[in-house]
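S.K.: Take a look at the following structure, please.
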Protein chains: 2
Amino acid sequence: MMDEFALIEKFFARRAGARDDVRLGIGDDAAVTRVEPGFDLVIATDTINEGTHFPPGTSAHALGHRCLAVNLSDLAAMGAEPLWCTLALSIPSGSADWVDAFASGFMALADAHEIALVGGDTVRGPTSINVTVHGRVPADTAIRRDGVRAGDGIYVTGRFGCAAAGLAMLSGAATAAEQERSELVNRFLYPAPRVREGRALVGIASAMIDVSDGLHVDLSRMLHASGVGAMLDVEALQLPVESVDRFGRARALGFALTGGDDYELCFAVPPDREPELDRVTSGWECGVARIGRAGRDREVRWLDHGRVRSIDEPGFRHFVTADL
Amino acid sequence: MMDEFALIEKFFARRAGARDDVRLGIGDDAAVTRVEPGFDLVIATDTINEGTHFPPGTSAHALGHRCLAVNLSDLAAMGAEPLWCTLALSIPSGSADWVDAFASGFMALADAHEIALVGGDTVRGPTSINVTVHGRVPADTAIRRDGVRAGDGIYVTGRFGCAAAGLAMLSGAATAAEQERSELVNRFLYPAPRVREGRALVGIASAMIDVSDGLHVDLSRMLHASGVGAMLDVEALQLPVESVDRFGRARALGFALTGGDDYELCFAVPPDREPELDRVTSGWECGVARIGRAGRDREVRWLDHGRVRSIDEPGFRHFVTADL
């Protein structure tokens with residue numbers, strides 16, 4: 001049987017030359033790639049650590065998916081097309097089975113998004129996974145978080161609070177059998193980065209952010225960076241039925257507003273672009289909803305059945321991290 | 001007093017917009033950069049972990065230098081000009097002083113090489129530092145490791161065995177006072193990536209590799225990738241005087257051939273390019289030496305005073321890593 005480092009070498013080697021714009025893949029001191037003229041290069045980096053970003057014992061297949069997904073979500077939030085990635089992996093000894101499952105989860109998502117693994121580095125240690133991703137956008141079209149103007153509609157993709165509810169189930173609020181068939185748990189383990197949706201919003205969205213730390217806190221970041229506020233309506237949010245059934249509406253709404261790990265997109269659209277938005281989003285399986293409008297007043301207010309709802313929690317923060 | 005995460009935010013923020021080709025620095029979901037037409041993009045990633053790549057207690061200032069230096073060395077080995085980097089940092093709690101010193105070591109080297117920090121991620125955990133670097137070369141000129149042809153001269157920059165001798169001193173073979181003033185220890189702590197030298201070799205060297213795991217093993221990798229061998233002469237190597245004085249010639253030579261962490265360049269030059277090489281290298285402070293010639297026979301042989309010397313050790317391998 002192969003040991004884990006032999007497995008990793010095989011895993012890393014598989015992707016060399018998978019794209020035309022990779023001139024030299026893994027195996028030299030560095031990879032050589034080419035950015036087509038007329039495009040900007042988008043670069044993001046994110047680490048996930050056992051005990052901080054995922055519970056000990058989380059499936060290696062899910063982690064392979066997740067470490068790439070959270071980075072693809074950053075590219076999605078810029079409107080970028082994925083190109084290449086590098087992987088720095090710290091794993092404990094005796095983890096050959098782990099590596100096999102990890103590689104399979106990683107590669108399934110990489111193949112789905114046609115992103116090539118061009119660099120890798122592995123070391124023995126506590127489980128920690130860093131991925132750096134590269135994408136491209138037509139020059140000067142990257143969607144920043146500071147472009148919201150008063151009057152812009154505030155939109156979100158998908159449903160909120162799935163991942164936080166799923167994590168609550170994994171943390172003891174459900175039996176193993178319930179966990180197995182729960183879509184909430186599945187959404188925590190296998191976040192779906194909204195890459196196609198993000199790319200389609202280039203030229204339409206005035207600002208965008210991906211929701212990793214919680215809708216309220218990430219949306220507030222986008223609004224604050226733009227120097228505006230917003231009036232928002234929680235009734236416009238799609239709450240996951242399973243979460244409402246299991247935890248009740250109040251807690252499901254709490255998960256939606258302040259739970260993390262949803263990896264949906266939150267974006268702003270100027271009024272004159274909203275007809276174009278409707279056209280573009282009509283076929284989106286994940287759904288899209290306008291949850292409010294930006295205003296000059298810098299406060300971020302949520303209405304629930306017409307009454308202002310206070311957001312008690314500071315928003316999900318990975319308890320020991322500073323993601324910058 | 002600022003805590004370490006506030007210090008890190010300050011550290012990360014400082015570099016935004018430091019280069020014209022950084023369109024959007026740290027602070028959004030991703031950085032946006034631009035590669036000038038006519039250039040290829042070179043990408044390398046390398047992690048250093050406490051206990052594996054450096055002894056516990058190594059100065060944070062030295063680690064800030066080192067984590068970037070080992071990556072710049074990979075760019076140097078491709079002949080690339082440094083552009084941008086990202087940093088993923090895992091640090092234990094209560095490390096504000098550590099961060100301050102680390103940032104200062106990192107930035108001194110970054111500034112010297114005009115490389116911009118464009119992405120960062122920090123998490124609490126055992127000390128582990130991953131850097132991903134980006135550089136550029138004129139299109140199709142990156143120097144790979146598989147281009148050596150029989151007859152090419154085999155060259156090295158600088159002196160070998162300094163770092164391994166320095167590490168031996170740090171590991172107990174010397175007093176603190178001796179360590180303090182030893183150039184060998186300094187060379188281990190502050191490797192000098194040969195970036196300018198590597199860039200000057202574009203169009204001259206047929207192949208190149210940086211020496212991180214030991215001269216014999218890295219040179220052998222370059223020769224094997226090229227399908228050739230070489231006859232080499234240990235007498236052509238510059239041995240550090242301090243190492244010979246302290247450890248004797250035999251051990252100093254062992255450090256030079258099989259010690260790691262020197263981060264010098266090893267490269268091949270076709271005979272018709274050797275006059276050009278002499279011209280280019282005449283002003284190099286680090287020195288350069290031809291240590292042999294490549295041959296069709298795939299063996300890698302070292303001569304010492306005219307007799308073949310066997311290389312006993314398998315070359316330095318970070319004891320728990322697979323660097324790919």
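The values are calculated or read from the model by the stated rules, or taken from the named source; none is laboratory data. For clarity, every value in this text was computed on a predicted model and none was experimentally measured. Quick reminder, even Gly has a Cβ in these numbers, built from the backbone with ideal geometry, and neighbours come from all protein chains shown. Please note that ligands, DNA and RNA were not included when accessible areas were found on the heavy atoms of the full protein model with its side chains. Shrake-Rupley method; radii C 1.70, N 1.55, O 1.52, S 1.80 Å.
S.K.: Can you work out the FRET efficiency for the pair residue B:274 and residue B:299, with r the C-beta to C-beta distance and R0 = 25 Å, to the nearest 0.05? Could the numbers behind the result be given before it?
M.R.: Working: r = 23 Å, r/R0 = 0.94.
Result of the calculation: an efficiency of 0.60.
S.K.: Once ligands and nucleic acids are excluded and a 1.4 Å probe is used, how much of residue A:190 is accessible, expressed in Å² to the nearest 10?
M.R.: 70 Å²
S.K.: Considering only DSSP beta bridges where both residues belong to chain B, give the percentage that are antiparallel (nearest 5).
M.R.: Details: 43 of 57 bridges.
Just about 75 percent of them are antiparallel.
S.K.: At 222 nm, what helix-only mean residue ellipticity would the protein assembly as shown give, in deg cm²/dmol to the nearest 500, using -39500 (n - 2.57) for each DSSP H run of four or more? Present the calculation step by step, with values, prior to reporting the outcome.
M.R.: Working: 22 runs with 218 residues, N = 648.
Roughly -10000 deg cm²/dmol at 222 nm, from the helical runs in the protein assembly as shown.
S.K.: Just the accessible area for residue B:310, please: 1.4 Å probe, Å², rounded to the nearest 10?
M.R.: The accessible area of residue B:310 comes to roughly 80 Å².
S.K.: Could you sort B:61, B:113, B:224 by their accessible area in this structure, using a 1.4 Å probe and putting the largest first?
M.R.: Numbers: B:61 65, B:113 25, B:224 110 Å².
Reading off the accessible areas and sorting them downward yields B:224, B:61, B:113.
S.K.: Return the carbon/sulfur percentage of the accessible area of chain A, one whole number, probe 1.4 Å, all protein chains in place. All intermediate terms of the calculation are to be shown ahead of the outcome.
M.R.: Details: 5850 of 12100 Å².
That share works out to 48 percent.
S.K.: Say a label goes 7 Å from Cα toward Cβ at residue A:151 in every copy; what distances in nm does this one have to the rest, shortest first?
M.R.: The projected label point of residue A:151 is separated from its counterparts by 7.3 nm.
S.K.: Related question: Once you average over the residues of B:131-144, how many Cβ atoms of partner chains fall within 10 Å of each Cβ? All intermediate terms of the calculation are to be shown ahead of the outcome.
M.R.: Numbers: counts 5, 11, 2, 6, 2, 2, 2, 0, 3, 3, 1, 7, 3, 7.
Average per residue, whole number: 4.
S.K.: If you take the accessible area of A alone, add that of B alone, and subtract the area of the pair, what total do you get in Å², probe 1.4 Å, to the nearest 100?
M.R.: It comes to approximately 4800 Å² buried between A and B.
S.K.: So the label point sits 7 Å from Cα along the Cα-to-Cβ vector; using that for residue B:249, what distances do you get to the other copies, in nanometres, sorted shortest first?
M.R.: Going from nearest to farthest copy, the values are 8.9 nm.
S.K.: Relative contact order for chain A using alpha-carbon pairs under 8 Å, separation at least 6, rounded to a whole percent? All intermediate terms of the calculation are to be shown ahead of the outcome.
M.R.: Values: 718 pairs, mean separation 70.7, N = 324.
Across chain A, relative contact order equals 22 percent.
S.K.: Could you work out how far helix A:249-258 tilts from the main Cα principal axis of chain A, as a 0 to 90 degree angle to the nearest 10?
M.R.: So the helix axis and the longest Cα principal axis differ by about 60 degrees.
S.K.: Once both axes come from the Cα atoms, what is the angle between helix A:215-226 and the longest principal axis of chain A, in degrees from 0 to 90, rounded to 10?
M.R.: Roughly 80 degrees, rounded to the nearest 10.
S.K.: What order do you get for B:32-42, A:271-281 when each peptide is scored by the mean count of other beta carbon atoms within 10 Å, highest first? The partial results should precede the final answer.
M.R.: Numbers: B:32-42: 19.3, A:271-281: 13.8.
Answer by packing, highest mean first, reads B:32-42, A:271-281.
S.K.: Could you give, in nm with one decimal, how far residue A:276 is from each other copy of that position, shortest first, with labels 7 Å out from Cα toward Cβ?
M.R.: Distances between equivalent label points, in nm: 4.9.
S.K.: Take every residue in peptide A:81-90, count the Cβ atoms of other chains within 10 Å of its Cβ, and give the average of those counts. Could the numbers behind the result be given before it?
M.R.: Working: counts 0, 0, 1, 2, 3, 7, 3, 9, 3, 10.
The per-residue average across the peptide is 4.
S.K.: Now a separate question. Accessible area per residue, 1.4 Å probe, Å², for the protein assembly as shown: what's the number? Could you put the intermediate results ahead of the total?
M.R.: On the way: 24180 Å² over 648 residues.
Accessible surface, normalised per residue, equals 37 Å².
S.K.: So, taking all protein chains as they sit and a 1.4 Å probe, how much accessible area belongs to residue A:63, in Å² rounded to tens?
M.R.: 0 Å²
S.K.: Could you work out how far helix B:60-78 tilts from the main Cα principal axis of chain B, as a 0 to 90 degree angle to the nearest 10?
M.R.: 50 degrees
S.K.: Lys/Arg Cβ at +1, Asp/Glu Cβ at -1, dipole of chain A taken about the Cα centre: which of A:223, A:247, A:89 is farthest positive-ward?
M.R.: Of the options given, the answer is A:223.
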